[in-house]
Structures are given as structure tokens and as C-alpha cells.
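Report on the structure given below.
The values are calculated or read from the model by the stated rules, or taken from the named source; none is laboratory data. Here the structure is a predicted model, which means the values were calculated and not measured. Neighbour counts are summed over all protein chains in view; Cβ atoms, including those assigned to glycine, are modelled from backbone coordinates with ideal geometry.
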């Protein structure tokens with residue numbers, strides 16, 4: 001699981017509403033991508049991320065969609081998503 005989630009193991013408290021949870025997960029994943037905790041090409045698996053943040057897979061899916069829209073992740077057909085290289 002460390003291979004999939006990187007070395008960032010801190011426990012995080014998530015908000016209650018679905019929209020807020022999605023925004024929270026998005027913010028945390030965005031930070032992890034920008035800091036290199038999730039290196040380029042790192043698979044971002046729904047199940048593992050849902051467990052990590054204690055949220056549903058749909059909440060993670062929303063967060064990953066936002067990351068892809070921002071160019072910080074790339075959707076891989078018939079797979080999950082992967083972190084993208086950040087050159088900012």
C-alpha cells in the first residue's frame with residue numbers, strides 16, 4: 001500500500017458533506033502531487049485512496065476528475081488515474 005500511496009502516511013480527518021469531502025481529498029492529493037509525494041506516473045487507485053481518506057470511491061473520483069482538469073493527473077482508460085509531472 002505504501003507503494004501506491006507514497007510514503008505519506010499521516011492520518012487525516014475528513015469533513016462530513018460529500019462536496020466538502022471531495023474538495024478536501026482534491027486539496028490533499030493536489031498538495032501531494034505538487035510536493036512530489038505522489039511522483040509522476042504514480043497510480044492513483046480509487047479503492048486505496050478511498051480507504052486512505054475514509055470516504056467513498058465517488059468522492060475520490062470527483063477529486064481525481066478535478067486533478068485531471070487542472071493537468072495534475074491523467075485518466076488512464078479502463079484503469080484509475082496517474083499523477084502527472086508538474087513543471088510549475
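Details
- Failed criterion for residue 15 (all others in (1) at pLDDT below 90; (2) more than 10 Å from the chain's Cα centre (by Cα); (3) crowded, with 18+ Cβ neighbours inside 10 Å hold): (3)
- So residue 68, is it surrounded by 13 or more Cβ atoms within 10 Å (Cβ to Cβ), modelled with pLDDT under 95 and part of a strand (DSSP E or B): no
- Condition met for residue 63 (part of a helix (DSSP H, G or I), crowded, with 20+ Cβ neighbours inside 10 Å and touching a helix residue (DSSP H, G or I) at 6+ places or on another chain (Cβ under 7 Å)): yes
- Among residues of the range 39-55, those that are in contact (Cβ under 8 Å) with a residue 12 or more places away in the chain and either outside any loop (DSSP other than H, G, I, E, B) or closer than 18 Å to residue 22 by Cα (or both), counted: 10
- Criterion (surrounded by 20 or more Cβ atoms within 10 Å (Cβ to Cβ), farther than 14 Å from residue 81 by Cα and at pLDDT below 95) met by exactly one of 10, 56, 22: 22
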